[in-house]
Amino acid sequence: MICRNCGKEIDDNATECIYCGCPTGLEEVVAEDESDRINAEDEYFGEKDTIEELPEDGNAGGSEPLSSRTEYRPANTQSSRLAKPGIVSGNALSTAISILCAILSLICLAMTISIRSAIADSAAQISDQMTEVRQSTDALYSKLDDVDTTIADLTTNTNEQVARQAIKLTKDLNSLAGPVTEGKYNQMFIINAQGDLSVTSSFDWQKYNEFTGSWESISFTGDATTNEELGLRFENKIDNSTGTYTSILWANGITQAAAGRYRCVITNVSGVSIRSSEALVEIAVQ
């Protein structure tokens, strides 16, 4: 520092100038700072009490105590209360946070219960809606089945009408007057038809199979076009003058296996078919 009297540079911690002996004023500043510190301690801690510690044998008659310690007591009750509000405030904050957490927990629990209830209601509604959709779908399928049946019937009727226009059945199949005697040889059924037919392939004689529930074509073999199992044969011919095709089914030593229902399916060269009426054959024992 620079001496304020002689202007020479001296040590920064000197209390007086080494050249002129003028005080630097540093001691007063230190004393003032120390005084301020002591006053602040007294204001905060209160007055000092010096407690003398006696010798271990309790003899206080010595000229001086062995040691002493300084204790501070609060200057007043107001100063002592100044240290407590922070603690009380901290406890109050913790309590408030705990209460807030509990309230939030209750709110979350209530929201969870509400959400679960809403989900359950939504699931029930979705289930009901799915049931309604299934019922509607079943009803739609039923209607589609009806439509398919109607279309099939219309198609069959249309095909039959087209077939009847393409093939004219002039003599249909008629039931026999009575049973056919087993082993007999005689004419049973006759069919007459007109149209674009074939004498060799247009007439298909069929017998109903009771076991399978379907119509099956009768298999004829040999030059005589016979079926030995049933004892049947057929004959086809054409009258060129009238354009009439004739197919005859004969009993050819007929057997008991021939009993049942018969029909003839007539197909023209374009693939259009028409069915004859059905007729029943009964076999009588000879």
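The values are calculated or read from the model by the stated rules, or taken from the named source; none is laboratory data. This is a predicted model, so every value here is computed, not measured. Glycine gets a Cβ as well: all are built from the backbone with ideal geometry, and neighbour counts include every protein chain shown.
If you go through region 165-219 and keep only what is within 60 Å of the chain's Cα centre (by Cα) and part of a strand (DSSP E or B), you end up with Ile167, Phe203, Asp204, Trp205, Gln206, Lys207, Tyr208, Asn209, Ser214, Trp215, Glu216, Ser217.
Among the candidates Asp146, Asp204, Asp172, the residue that is modelled with pLDDT under 95 and of a type outside the set (A, V, I, L, M) is uniquely Asp146.
Would region 166-185 turn up any residue that is in the same structural domain as Thr246 (by TED's automatic domain parsing) and exposed (fewer than 11 other Cβ atoms within 10 Å of the Cβ)? Yes, the conditions are met somewhere in region 166-185. Taken over region 231-265, the criterion of being touching a residue at least 60 places away in the same chain (Cβ under 8 Å), surrounded by fewer than 14 Cβ atoms within 10 Å (Cβ to Cβ) and either in a strand (DSSP E or B) or small (Gly, Ala, Ser) (or both) is satisfied by no residue.
Of everything in region 266-286 that is among the hydrophobic types (A, V, I, L, M, F, W, C) and not in a strand (DSSP E or B), the residue that is nearest to Leu232 (Cα to Cα) is Val285. For region 66-121, the set of residues classified as of a type in the set (D, E, K, R) and either assigned to a helix (DSSP H, G or I) or modelled with pLDDT of 90 or more (or both) consists of Arg81, Arg116, Asp121, listed by residue number.
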